[in-house]
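Read through the structure below, which is laid out as structure tokens, and then see the notes.
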DNA sequence: TTGTACGCGTTATCAG
DNA sequence: CTGATAACGCGTACAA
């Protein structure tokens, strides 16, 4: 037992360097344990799990019984090391609050779970810097695909995504230059449509209001659409009230009404970048005794339930949130199973839903 | 150039077993690559990343530069193998739609991301069988903690959670017998409170309506609370209209009004298990020309934005969804850092929010 | 059909 | 402070 360990050759190999380490934790049940319990080799256990057809019926039953008795759960990390497949799809989104993207995740999940994939979540909190960090740490997990909200990333993040060689689905925006796959729509076009609607309804002194932060390119696109179309129609395109550093809440929307009315007293319509703000604004108008839409028209964006039940019901743009997730999932599955992807860039339809508020 | 590399000792071993395998994929950059590029050992690269203080300033800079140049991203799976730490927290929830739990996930994430954990999502689609499968596959990832919605699981799922030895936080319900940690409230108690409110307001012919499926124990608890309290108050406790197989939507809520009125023509108040249903019902009443609350009172559950902006505003029970997530995250962090957990079972407060609808 | 021997990329351990 | 080496648990390749 004395240690003259490590006679590198000569005595060959020799024991002694053994017992090098006994990893701390109370070690989980492994395939080897199951194998021993079933009286077979670890390899047979592996086959029983991944390729049951090639093992003998009786051996299989033996192994399956051992698995159950020992409560064996295969270690995916080890499996990932061996196969280089993680069965993980990563979703990178700004935030899960306010449920804007919750349905997208749900749709995605409904496509991917049955295929055996799990979903790893990454929050950027609407910050591009965070996004880069999140992308980096997510790549470390070796996901087999990535779904990301938006098409606007830091150069580094974009490069990381690109060189990863993974299927990447950008969503909720449209671009001529996607990293890889795309399921989106034009926020600018949607905003243009809303401006036209307001114009057609007779409104001429339009105000745009919303969160347009660095990390929220979708808000920026909507703003650009507003500016472009109001200008084209010969209206004042400069009436913009940004809500920076505010959270996406009814309260924020309500407060904005006062600010906007003092800044643009003659405004006859406000176009909000989100239904949440718009709903808060409608509520505030009621408190102020302003009639909607006679005294002030209000439009939102998103197509949430809230738009429908509001009184007056809210004019909004409906985005097929869940469908975006489903399509993204389908694209990924095609790519992952080497099926030729017919259309790598899918444009989903937004719908202007006229309400009583305009 | 012929390959007689690796003559491990005498002639023994003999080659031949070499070139055993060249894993398919275009192999990613590894620590060894970085090490070579920086002219150090892989171990030093590892230290530079995980324990920068112990490496020489100049060596560190050298390594960091190589990391950047090669765009090296450490492989978490390998790290997990070596350390037995995954830096993953799993969240198991029924569904992300309708945003009920989205804020909980958000709150959890806000606590855990800064601590370097990532979030793995598992959807059960409101089915206990699914839950067990999800638990199993999630355990395979070796998460360091689990947050799960609900306290009602299949015996197997419960056992899996228990023997995993991981910190497990059950949420959104209350129980005397949690698996481990708990952040919840009594759905039954909340329903009782709502019944009392309705009673105090003078309503006597109450109807309970909601989704009470096998996998949704929270709905069941609310129902039990309704039954218990109506009975205690000497009211008819049998007026129950279940919405099975329906999705959580305004439409479902609206349709229920007609069904309920034909089944219980004299009903004077409906208590819905969700604000979504209640909002749909209010909308439907308006269409039918029913006055709320004079002809029919309506109450919801959840405390969503929708309750506040509805006209009439909705009486509801507000659940601190985000706070539940934050508290769960805090509990996990305490456990994971071995800090003594002062209170492993945290009761959060629900609030009855009186509205104009009752 | 089953078993044996690597090797995946990282970190813990121990020797310099 | 740095380097060499042995695990971690599984799947692939090949031999039996």
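The values are calculated or read from the model by the stated rules, or taken from the named source; none is laboratory data. For clarity, every value in this text was computed on a predicted model and none was experimentally measured. Here the Cβ is made from the backbone with ideal geometry for all residues, glycine too, and neighbour counts use every protein chain on show.
Identify all residues within the range A:241-260 that are surrounded by fewer than 18 Cβ atoms within 10 Å (Cβ to Cβ) and out of contact with any helix residue (DSSP H, G or I) (no Cβ under 7 Å at 6 or more places or on another chain); write none if there are none. Within the range A:241-260, A:242, A:244, A:245, A:247, A:255, A:258, A:259 qualify.
Yes or no: the range A:308-319 includes at least one residue that is away from chain B (no Cβ under 12 Å) and not in a strand (DSSP E or B). Yes, the conditions are met somewhere in the range A:308-319. Restricting the range B:190-201 to residues that are assigned to a helix (DSSP H, G or I) and touching a residue at least 60 places away in the same chain (Cβ under 8 Å), the residue that is surrounded by the fewest Cβ atoms within 10 Å (Cβ to Cβ) is B:193.
Go through the residues of the range B:274-295 one by one and say whether even a single one is away from chain A (no Cβ under 14 Å), buried (at least 24 other Cβ atoms within 10 Å of the Cβ), at pLDDT 95 or above and in contact with a strand residue (DSSP E or B) (Cβ under 9 Å, 6 or more places away or on another chain). No, the range B:274-295 contains no residue that is away from chain A (no Cβ under 14 Å), buried (at least 24 other Cβ atoms within 10 Å of the Cβ), at pLDDT 95 or above and in contact with a strand residue (DSSP E or B) (Cβ under 9 Å, 6 or more places away or on another chain). All of B:93, B:112, B:161, B:181 fail the test of being at pLDDT 90 or above and surrounded by fewer than 24 Cβ atoms within 10 Å (Cβ to Cβ), apart from B:161. Just one residue in the set A:219, A:202, A:234, A:254 is within 24 Å of the chain's Cα centre (by Cα) and not assigned by TED's automatic domain parsing to the domain that holds residue A:124; that residue is A:219.
If you filter the range A:46-73 down to residues that are touching a helix residue (DSSP H, G or I) at 6+ places or on another chain (Cβ under 9 Å) and more than 13 Å from DNA strand C (Cβ to nearest atom), you find that the one that is nearest to the other protein chains (Cβ to nearest Cβ) is A:73. With respect to being farther than 23 Å from residue B:303 by Cβ, away from DNA strand D (no atom under 14 Å from the Cβ) and assigned to a loop (DSSP other than H, G, I, E, B), residue B:134 falls outside the description.
Tallying residues that are touching a helix residue (DSSP H, G or I) at 6+ places or on another chain (Cβ under 6 Å), free of Cβ contacts under 8 Å to residues at least 60 places away in the same chain and away from DNA strand C (no atom under 13 Å from the Cβ) within the range A:74-90 yields 1.
Scanning the range A:143-152 for residues that are over 14 Å from residue A:183 (Cα atoms) and crowded, with 23+ Cβ neighbours inside 10 Å yields A:143, A:145.
Scoring residue B:78 on the criteria (1) at the interface with another protein chain (Cβ under 10 Å from one of its Cβ atoms); (2) under 26 Å from residue B:111 (Cβ atoms) leaves a single failure, condition (2).
Which one is nearest to DNA strand C (Cβ to nearest atom), of the residues in the range A:24-45 that are within 13 Å of chain B (Cβ to nearest Cβ) and surrounded by 13 or more Cβ atoms within 10 Å (Cβ to Cβ)? Residue satisfying both the conditions and the ranking: A:31. Any residue in the range B:294-307 that is under 23 Å from residue B:102 (Cα atoms) and assigned to a strand (DSSP E or B)? Yes, there is a match, as at least one residue in the range B:294-307 is under 23 Å from residue B:102 (Cα atoms) and assigned to a strand (DSSP E or B).
With respect to the conditions (1) free of Cβ contacts under 8 Å to residues at least 60 places away in the same chain; (2) within 22 Å of the chain's Cα centre (by Cα); (3) under 20 Å from residue A:304 (Cβ atoms), residue B:320 lacks only one, and its number is (3). One residue stands out among those in the range A:49-62 that are under 40 Å from the mean Cα position of the chain (by Cα) and assigned to a helix (DSSP H, G or I): the one that is nearest to residue B:163 (Cα to Cα), which is A:49. Among the residues of the range B:123-132, just one is surrounded by fewer than 23 Cβ atoms within 10 Å (Cβ to Cβ) and touching a strand residue (DSSP E or B) at 6+ places or on another chain (Cβ under 9 Å), namely B:130.
Looking across the range A:63-90, the residues that are over 27 Å from the mean Cα position of the chain (by Cα), under 14 Å from residue B:140 (Cα atoms) and surrounded by 18 or more Cβ atoms within 10 Å (Cβ to Cβ) come down to A:67, A:72, A:73, A:74.
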